[in-house]
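Report on the following structure.
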Amino acid sequence: MTDRTPADLRRQIEQTRHRLGVTVEELAVRADLRGRTRARAADLMDRAGAVGVQLRSTASMAGYRIQKRANRAGHTVQGRAGRAGHVIQEHAGRAGHTVRNTAARAGHGAQGRAVHARRTGHGLRGAASRAGGAAQSVPAPVRAPVRFAQRYPRPAVVVGAAVAALVAAGAIGRNRARSGVKPR
């Protein structure tokens, strides 16, 4: 160590100064928080800009794909709804024809029954009016039902048939009782 020459010492001092200068510069850079923060912020802004562009591009492509799929789905639904509408319309048309034909047949049947009832009703009214004179000769308890039958001939037919059956049964029973025949 003592063998050093002044030139060696000067060179060693220069190297040490140079190393100290580099170290001081590094320390200055590290100590410059404002500058480091600005550099970091600029770097982050560049990255955010790139990510934003990438996100906008991705969102645009996704929107285009979704719009395309929705368009296809809309056309599919529209086609199916159209076909279903045609099928329903066809079924409704057939059902309408069936109902119209059934109603026409029922109407014709009802019309025929009404004509028959009118004819029968006229016959009943005639018989009731012919029996009207006979109502005066009927005993007092039976006069009210006979008059009712004259006013309302259709229900009177049912009631009259029932009364006739009772009278006939009573008459037959009396005749048997007089003749001595035992009921079966």
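The values are calculated or read from the model by the stated rules, or taken from the named source; none is laboratory data. Keep in mind it's a predicted model, so treat the numbers as computed, not measured. Reconstructed Cβ throughout: ideal geometry from the backbone, glycine too, with neighbour counts over all protein chains shown. Just the protein is used for accessible areas: all its heavy atoms, side chains included, with ligands, DNA and RNA removed. Shrake-Rupley method; radii C 1.70, N 1.55, O 1.52, S 1.80 Å.
Going 7 Å from the Cα of Arg105 in the Cα-to-Cβ direction, what parts of the stretch 57-99 have a backbone nitrogen less than 11 Å from that spot? Of the residues in the stretch 57-99, 98-99 have backbone N under 11 Å from the label point off Arg105. In the complete set of protein chains, residue-level accessible area for Leu33 is approximately 110 Å², probe 1.4 angstrom. Accessible surface comparison of Asp8, Asp32, probe 1.4 Å, protein chains only, largest first: the order is Asp32, Asp8. Modelled spin-label separation between Ala169 and Ala31, with each label point placed 7 Å from Cα along the Cα-to-Cβ direction: 13.6 nm.
May I ask you to give the solvent-accessible area per residue for the stretch 3-63, in square angstrom, as obtained with a 1.4 angstrom probe? All intermediate terms of the calculation are to be shown ahead of the outcome.
Working: 5520 Å² over 61 residues.
With all protein chains present, the stretch 3-63 gives 90 Å² per residue.
To the nearest 10, the accessible area of His97 is 100 Å² with a 1.4 Å probe.
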